[in-house]
Each structure stands twice: as C-alpha cells, then as structure tokens.
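*Asks:* Encoded as structure tokens, here's the structure I'll be asking about.
The values are calculated or read from the model by the stated rules, or taken from the named source; none is laboratory data. Quantities reported herein were computed from a predicted structural model and do not represent experimental measurements. Note that each Cβ is placed from the backbone with ideal geometry, even for glycine, and that neighbours are counted across all protein chains shown. In case anyone asks, the SASA skips ligands and DNA or RNA and just uses the protein heavy atoms, side chains included. Shrake-Rupley method; radii C 1.70, N 1.55, O 1.52, S 1.80 Å.
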Amino acid sequence: SYLGLEFHPALIEGVQQAVTRYGTQFSSSRGYLSAPAYQALEAKLSQLFDGHALVTSSTSIGHQVALGALVTERDALVMDHQVHYSVQMAANLVRAQGARVEKVRHNHLERAVEVVRRLASTCDTVWFATDGVFSMYGDLAPLGLLRELLDAAPNVRLYVDDAHGMSWAGTHGRGSFLSRMPMHPRMVLATSLNKAFAAGGGCLVFPTLAERELVMRSGGPLVFSGPLQPPMLGAALASAELHLSPEITALQAAMKERTALCNALLREHGLPILVEND
C-alpha cells in the first residue's frame with residue numbers, strides 16, 4: 001500500500017459501479033467469456049505500460065500462464081535464486097514440461113552470464129527470471145547484468161516480476177523496473193494490481209500483440225481458472241484511470257519525500273539497513 005489508494009474515492013466508486021452492473025461475481029472462465037470491463041482495463045493498461053497487457057486473476061497465476069505458454073521443452077529458464085517464490089513455483093511447471101531450469105545465487109549473479117551463454121548454445125531460448133524489486137530485502141534488479149545477459153546471445157530473453165515496484169515509480173506509475181530500463185523486445189514483464197495499485201489480480205505485459213494473443217489462448221491456468229471478479233475489475237479500472245492522470249505524479253512525489261525522510265532518520269539514529277534506495 002505504498003500510495004494508500006485503497007481508500008481513494010474513485011476506486012471505491014469503481015467497485016460500486018462494477019458490482020451494480022455485473023454483480024458480485026462473473027462465473028465464466030476467461031477462456032470462454034469475459035466481463036466487458038476486462039477489455040477497457042486491458043486497453044488502459046496497455047496505454048499505461050506502452051505494451052500489450054493481459055490481466056490475470058493473480059500475479060502468481062500470471063507467472064504460470066506466461067511461463068507455461070512461452071517456455072517449451074527446447075528452452076531453458078535461469079533464475080536468480082531470490083526471484084519471487086511464485087516465479088519459482090511456475091518454474092516447477094516448466095521443468096515438468098521438459099524445460100531445463102537452473103538457479104544462480106543472488107550474491108553471485110555475475111555467474112549468470114556464463115550459465116546463460118552456455119545454455120544459449122544448445123537451447124532454442126534461454127529465459128532469465130528476476131524481480132524488479134526483490135521482496136526480501138528491497139534491493140533492485142542489476143540493470144548492467146541484465147543488459148549483459150541480453151547481449152550474450154540473440155536467443156536470450158528476460159522475465160521480470162516487478163510486483164513490488166508498481167505505481168510508486170515510472171511514467172504513469174508503470175513501475176520501478178521500467179523507470180530504469182524501458183520495455184525491451186525480448187522481455188516480458190509481470191506485475192501486481194494488488195499492493196500499490198490497490199485493486200486485485202495481476203498483469204502481464206508483452207512486447208508484441210502476437211505474443212500476448214498466444215499466451216491468452218494457450219496459457220492453461222488462464223483458460224481453466226476463474227476470472228478477476230467485478231468488484232476488483234471496477235477498482236482496477238478506476239486505478240488505471242488515476243495512473244493515467246496527473247494525480248499519480250503528485251502521489252509519487254509524496255512517497256519519494258517520505259522515503260527520503262525515512263532513510264535520513266534511519267541514518268541519524270544509527271539503524272542499519274541492507275540497501276538504501278528510493
């Protein structure tokens with residue numbers, strides 16, 4: 001709740017309008033039928049991220065949907081060992097499908113370049129999975145290393161979970177990671193519509209519409225699991241509209257000011273922190 005949006009009047013009104021129009025639940029799987037608000041929400045999120053957005057019922061489900069559809073038995077998935085637990089659970093699924101899965105220690109990430117380069121010579125695609133903001137310590141993804149990985153071979157791709165970076169940073173609140181490294185043609189981004197976004201569900205952002213459609217139509221958990229329900233659809237739609245308005249800039253500025261004050265007070269009182277950042 002970095003920005004306190006769960007109490008914002010626009011989000012509360014969005015919930016009320018959605019429930020009045022669509023009821024408390026929309027019982028069909030998205031593989032067959034979607035509430036109309038989905039189309040409006042994904043259009044606004046695509047504008048927000050300047051990519052092709054796909055909404056999922058949770059970020060964890062989103063990882064299963066995306067990695068399950070994109071990583072084949074001819075591919076490899078390399079993970080920072082501190083990438084979010086939900087990504088690691090999705091990795092177990094792709095391992096069961098025949099993909100090669102390896103981990104690299106968080107404090108020895110420089111070894112990832114060698115691992116990725118080796119796998120790139122034998123696999124169709126090598127994915128490297130990382131968090132934008134790591135959930136355990138709050139440290140940020142190492143951009144220099146990620147660029148080195150992308151340069152290692154043309155069949156290397158990034159999978160970034162920026163759930164903890166959403167809203168409080170970046171143009172339109174598109175997140176801490178995208179504020180530091182723009183969307184890349186060989187990157188897929190996952191984020192949360194909970195937390196700072198103050199609604200529900202998750203969002204996947206793809207560099208191409210074709211890849212978004214592939215995951216939409218063949219991502220098993222998306223086809224067979226339940227949808228994001230109308231109350232949270234209404235909140236998410238209102239939050240997306242707020243993110244696309246100038247108000248998000250003022251909210252981010254207030255957050256930045258408070259974070260700077262917090263860091264200053266921690267230093268003043270000699271309280272140790274692992275990483276000092278924004």
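*Asks:* So, of the residues in segment 188-216 that are out of contact with any helix residue (DSSP H, G or I) (no Cβ under 8 Å at 6 or more places or on another chain) and within 22 Å of Q97 (Cβ to Cβ), which turns out to be most open to solvent (accessible area, probe 1.4 Å)?
*Replies:* Only one residue tops the list, namely A210.
*Asks:* Something else: Is it the case, given these coordinates, that F177 is out of contact with any Pro (no Cβ under 8 Å at 6 or more places or on another chain), of a type in the set (F, W, Y) and surrounded by fewer than 17 Cβ atoms within 10 Å (Cβ to Cβ)?
*Replies:* For F177, the condition - out of contact with any Pro (no Cβ under 8 Å at 6 or more places or on another chain), of a type in the set (F, W, Y) and surrounded by fewer than 17 Cβ atoms within 10 Å (Cβ to Cβ) - is not met.
*Asks:* Could you list all residues from segment 68-115 that are crowded, with 19+ Cβ neighbours inside 10 Å and over 30 Å from V275 (Cα atoms)?
*Replies:* G68, A69, L70, V71, D75, A76, V94, A99, listed by residue number.
*Asks:* A follow-up question, please. So which residues in segment 116-151 are open to solvent by 20 Å² or more (accessible area, probe 1.4 Å), closer than 20 Å to P207 by Cα and either in a loop (DSSP other than H, G, I, E, B) or touching a strand residue (DSSP E or B) at 6+ places or on another chain (Cβ under 9 Å) (or both)?
*Replies:* D124, T125
*Asks:* What number of residues within segment 222-249 satisfy the criterion of being crowded, with 23+ Cβ neighbours inside 10 Å and over 25 Å from T20 (Cα atoms)?
*Replies:* Within segment 222-249, residues that are crowded, with 23+ Cβ neighbours inside 10 Å and over 25 Å from T20 (Cα atoms) number 1.
*Asks:* Look through P231, P182, P227 and report the one residue that is farther than 25 Å from Y32 by Cβ and either in a loop (DSSP other than H, G, I, E, B) or more than 17 Å from the chain's Cα centre (by Cα) (or both).
*Replies:* Only one candidate qualifies: P182.
*Asks:* Could you please tell me which pairs satisfy a Cβ distance under 7 Å, a separation of 6+ or placement on different chains, a first residue in segment 97-113 that is more than 20 Å from D151 (Cβ to Cβ) and in contact (Cβ under 8 Å) with a residue 12 or more places away in the chain, and a second residue that is in a loop (DSSP other than H, G, I, E, B) and open to solvent by less than 60 Å² (accessible area, probe 1.4 Å)?
*Replies:* These pairs meet every condition: A99/V71; A99/T72; A99/D75; R100/C123; K103/H81; R105/H81; H106/H81; H106/Q82.
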